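Trainee: I have a structure I would like to understand better, so I am pasting it below and will then ask my questions one at a time.
The values are calculated or read from the model by the stated rules, or taken from the named source; none is laboratory data. Keep in mind that this is a model prediction, so the values were computed, not measured. Cβ: placed from backbone, ideal geometry, glycine included. Neighbour counts: every protein chain shown. Each accessible area value is taken on the protein alone, full model and side chains, heavy atoms only, with ligands, DNA and RNA left out. Shrake-Rupley method; radii C 1.70, N 1.55, O 1.52, S 1.80 Å.
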Amino acid sequence: MRHIQVEPPAFFHRGPSPLTRLAFFVLISLSMLFLDTRYRYLENIRHVVAVALYPLQRAAQVPSEAMAFVGGYFATQRALSEENAALKRQLVEQGAMAQGAVSTSNENARLKALLDMRPRYHGAATVVEVLYTGRDPFAQKVFVNKGADAGLSPGDAVIDAQGVVGQVTRVLPFMAEVTLVTDKDHAVPVKVERSGVRSVLFGAGAGRLPELRFLSPNADIQQGDILVTSGIDGTYPPGLAVARVASLERETGQMFARITTQPLAGVDRSEYLLVLGHASATPARPDEPADADAAKKTGKGRRRGG
Amino acid sequence: MALPYLMPLSPASPEEILLPARPWFIVLTLVLALFANLLPLSGVALSLRPDFLALVLLYWCIQEPRFVGVGIAWCVGLVMDVGDGTVFGQHALAYAFLAYAAEYFRRRVLRFPPWQQAAQVAVLLLLCAALVLLIQFVGGANMPRWSYAVPPLVGALLWPLVSVVLQWPQRPPRSPAER
């Protein structure tokens, strides 16, 4: 016995079925995910959409800005005068250091000239304002109010008054995306200020403190040590404060010490940040000689042979 | 009959026939939802904030599947990806899936009173969040904290409110006999 195929006539034809459409768009999405994470091919599309979205994004800032304005209008005289006094005190304290810094940097310049070293890079610095923190719970990012229009470029270091906040990872026409040092697997080359031990600070994601990996249990590091950028990668200029060592576990059974750190900068609080122009002080990588491959191969062969 | 005067404040019953929605109203609500998603929030407000765009999309996919379907949801998701700075395709995939699920369940969801609709919406939104989580896992993310499940639940609690607001222009004018 055969079933009679019952198919309703297509009175109201509405194109392909929802399942077909879903399959189509899932395929496109998956290929876009792949292209974006692996090759970053889609930045142009992102820029176009970002420009179209910009007015709406600015409009979304208006309510909070209005509230801040109203709040500022009703700030008490006393709070303002207290803040003023605190700022003056801070200025005097830093004045002493700044005066010392002039003579130190002069001396440093002379010494470096003697040693024929390249001067430390003093690039352009741009003050930016945080528009909003990223809403993606999986990433630690903030968005700032200047982008390609102010000459920012990916890889620029971002700091606040206390220390390193992160680096610019994506530049849109009027905005830029800053990945914070607390973002998962975000790496900052650092050294311990006290002892000079070099290491790399890795972010651990939302709600967890960044950690120093791959330091042996007997490394010269203590709780409370300040970590500063070592400047080895050429992304972060050397000598910026990054974090303080918060906890230290040295287990003899483990290969490495477990070291967690507390970022010094107001990574999730600061409203105004400073973007440091890309440190071009590192000399360009020397060209490989034309017959480098051949030399390497013969070199290897010789070593193996010997 | 004192109740009819309160009618616009409560969601339409399953038996009530709504007028067709105007396309400009659908577009306007989608833009407003995008605006709500772009509001700069932080702290507790950010961890409670539901995905308004997903809610509004879900409503229109259930009520007006001829206007808003998988394709529109996917495009809107792309815009959201740019707004949030996430990987291209993450929201798009989640919203397309949401639209498909809405189209699949729409006839059933509409038969229920608002709070039971909200329970079903909670399941859809949680599935959508789970899909995003899956994409992030493939990218090597950590397991988020339990608070990751809060925004979809808040969204489901807002569902009756969203339905009332979005179906308000579609309520037919009451006939004089009803008054």
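Trainee: Can you find, among A:Leu240, A:Pro55, B:Tyr59, the residue farthest towards the positive end of the dipole of the protein assembly as shown? Put +1 on the C-beta of Lys and Arg, -1 on that of Asp and Glu.
Mentor: B:Tyr59
Trainee: On a 0 to 90° scale, report how tilted helix B:90-109 is relative to the longest principal axis of chain B, with both axes built from alpha carbons and the result rounded to the nearest 10.
Mentor: 30
Trainee: Round to a whole number: what % of the accessible area of the stretch B:116-179 belongs to carbon and sulfur, probe 1.4 Å?
Mentor: 73
Trainee: For the protein assembly as shown, what does the helix formula give at 222 nm: sum of -39500 (n - 2.57) over DSSP H segments with n ≥ 4, over the residue count, nearest 500 deg cm²/dmol?
Mentor: -15500 deg cm²/dmol
Trainee: Say each of A:Met97 and B:Val27 gets a label point 7 Å from the Cα, pointing the same way as Cα to Cβ; how far apart are those two points in nm?
Mentor: Taking the simple label geometry, A:Met97 and B:Val27 are separated by 5.5 nm.
Trainee: Let me ask another. On C-alpha positions alone, give me the angle between the axis of helix B:114-138 and the longest principal axis of chain B, in degrees, nearest 10.
Mentor: Relative to chain B, helix B:114-138 is tipped by roughly 20 degrees.
Trainee: How much accessible area per residue does the stretch B:35-128 have, in Å², with a 1.4 Å probe? Please list the in-between numbers first.
Mentor: On the way: 3420 Å² over 94 residues.
Value returned for the stretch B:35-128: 36 Å² of accessible area per residue.
Trainee: How shielded is B:65-75 by partner chains, expressed as the average number of their Cβ atoms within 10 Å of its Cβ atoms?
Mentor: 3
Trainee: Looking at the square roots a ≥ b ≥ c of the eigenvalues of the Cα gyration tensor of the stretch A:45-93, which shape do they give, rounded for a/c under 1.5, prolate if a/b is larger than b/c, or oblate?
Mentor: The shape class here is oblate.
Trainee: Here is a follow-up. Please list B:37-45, A:40-48 highest first by mean number of surrounding beta-carbon atoms within 10 Å per residue.
Mentor: B:37-45, A:40-48
Trainee: What does the structure give for A:249-255 when I average, per residue, the other chain Cβ atoms found within 10 Å of the residue Cβ? Walk me through the numbers on the way to the answer.
Mentor: Details: counts 0, 0, 0, 0, 0, 0, 0.
The mean count of partner-chain Cβ atoms within 10 Å per residue comes to 0.
Trainee: How many Cβ atoms of partner chains, on average, are near each residue of B:142-154 if near means within 10 Å of its Cβ?
Mentor: 2
Trainee: Roughly how big is the B-A contact, given as buried accessible area in Å² (both sides, 1.4 Å probe, nearest 100)? Kindly include the intermediate steps, with their values, before the conclusion.
Mentor: On the way: alone 10670 and 21700 Å², together 28730 Å².
Interface area, both chains combined: 3600 Å², rounded to the nearest 100.
Trainee: Past 26 Å, Cα to Cα: identify those pairs from A:Lys141/A:Lys191; A:Lys112/A:Lys191; A:Lys112/A:Lys146, in the order given. Before the final figure, lay out the partial values.
Mentor: Numbers: A:Lys141/A:Lys191 24 Å; A:Lys112/A:Lys191 21 Å; A:Lys112/A:Lys146 35 Å.
Correct reply: A:Lys112/A:Lys146.
Trainee: Once you put a point 7 Å from the Cα of A:Ala59 and another 7 Å from the Cα of A:Arg244, both along the Cβ direction, what distance in nm separates them?
Mentor: Rounded to a tenth, the inter-label distance reads 4.5 nm.
Trainee: Which values of log₁₀ I(q)/I(0), to two decimal places, follow from the Debye formula for the protein assembly as shown at q = 0.09, 0.11, 0.13 Å⁻¹ with a uniform point scatterer at every Cα?
Mentor: Here the Debye-derived log intensity ratios amount to -0.80, -1.06, -1.31.
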